[in-house]
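To keep things clear, I will list the structure first and then write my remarks on it.
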Ligand code: 0WD
Ligand code: CA
């Protein structure tokens, strides 16, 4: 289902199962029962400091402090010139931080099954990637503007998936307006207004915003037959020590333009809530706190969204997205990738590519610019 069948191309292909060379993204192909998605379990976490150095601990985890509910006094423009250190987004880190985490925590990963099996180096997962890459897959059936490129390499039976920046995305990044650059800061400033460094202290809006700093959760879960290991950046947690254990205590922070017309509300439900839902649903983050701002970057209201209630919230919208379509497409894409990337070789990359109104296709490269698994990882993982 969802596949377009072509003639067999290779001599090794049994005639009974022709290889599928492309994957359709049409929504109606994915409107069926919600696939099994196991409760995501946090298997670890890591931090990136102000210089983007990796630490195998939670030093960058922050604590949510509820704003003065009635009238938050947040000016998101404050500090843009003078108290802002911006991460260099021209530096492509690929999966490096996740790979570092894997090497430091291999013992926690190897399940009893794989530890006893004939391949002792196997990780016991089918897919390793960033949460953000999976978010893009979930939203693909509804995306009309931006395509994607995903590089895939198979090592030790595990598929590693790492995004490659598209030419269009690179141009957008290099040609951002000054206004857009500033607005990208607003989300991080909102985090600073609402997060404290520990459970007993208060936010420090006078401090420096440094976007190199990050706290990332590493979760394990299963989507139908696909065992997934992925990492995602987490903004903060509930500061109550009685709060449930991760990821249930985590909170995602967002900013958005205030909603003043029915048209704006409908667009918010149809486009923005899709992305918000997909991103937090994947790692099992249950809540989003949204700061609604005006055109001058002043927060005018703060709202909490419960992920489990979002599908109800959007049901009255015409032409709206469906969670089941998102999950079934992602599942089908992973099956498609598994059926194509059958050779274990860190030198090989299958580059899967998708543009709006097209099908997913791929091409194959060896020792190319797309190779992304570093030697230090391959050397270690083979032991
Ligand atoms: O190499 C790559 N192709 C990428 C690497 C692309 C995207 C992210 N990353 C890495 C970075 O190391 C980053 O720390 O992923 C981490 C975040 O991963 P994620 O959670 O899988 O990404 P995503 O869900 O897209 O974004 C989560 C948050 C964003 O929050 P909002 O509320 O805006 O969605 O991570 C931040 C941002 O705050 N963020 C990034 N931080 C650093 N580098 C990046 C990025 N490229 N993209 C988003
Ligand atoms: Ca956020």
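Details
- Take the Cα of residue 198, step 7 Å toward its Cβ, do the same at residue 258, and the gap between the two points is 3.8 nm.
- Taking 34, 54, 281 and counting other C-beta atoms within 10 Å, the order from fewest to most: 34, 54, 281
- GNM result for the chain, Cα springs below 10 Å: residue of 249, 71, 330 fluctuating most strongly: 71
- Residue 345-residue 54 FRET efficiency (beta carbon distance; Förster radius 25 Å; 0.05 resolution): 0.40
- Pairwise alpha-carbon distances in the stretch 134-190 exceed 15 Å for 67% of all pairs.
- Whole-Å semi-axes of the ellipsoid equivalent to the stretch 258-352 (Cα gyration tensor, √5λ, descending): 35, 16, 13
- Computed on the chain, the Cα convex hull volume stands at 160 Å³ per residue.
- In the stretch 223-282, one over the average inverse separation of all distinct C-alpha pairs is 14.2 Å, which is the Kirkwood hydrodynamic radius.
- Fraction of alpha-carbon pairs over 19 Å apart in the stretch 30-184 - percent: 72 percent
- The stretch 264-361: relative contact order in percent, alpha carbon pairs under 8 Å with at least 6 residues between: 20 percent
- Cβ crowding within 10 Å, taken as a proxy for footprinting-reagent exposure, orders 235, 344, 296 from fewest neighbours to most as 296, 344, 235.
- Taking the chain as a Gaussian network of alpha-carbon nodes connected by springs under 10 Å, the highest mean-square fluctuation of the residues 105, 316, 267 belongs to 316.
- Cα-projected label distance for residue 27 with residue 272, points at 7 Å along beta-carbon direction, nm: 2.0 nm
- Averaging 1/r over each pair of different alpha-carbon atoms in the stretch 22-112 and inverting the result gives 18.7 Å, the Kirkwood hydrodynamic radius.
- Between residue 364 and residue 168, the distance separating the two model label sites (each 7 Å from Cα on the Cα→Cβ line) works out to 2.8 nm.
- By the count of other C-beta atoms within 10 Å, a proxy for reagent exposure, 303, 332 are ordered fewest to most as 303, 332.
- Relative to the longest principal axis of the Cα atoms of the chain, helix 178-194 runs at roughly 70 degrees.
Since every read-out is calculated from the coordinates, none of them should be taken as a lab result. Small disclaimer: the values here were computed from a predicted structure and weren't measured. No Cβ is skipped: glycine too gets one built from the backbone with ideal geometry, and neighbour counts run over all protein chains shown.
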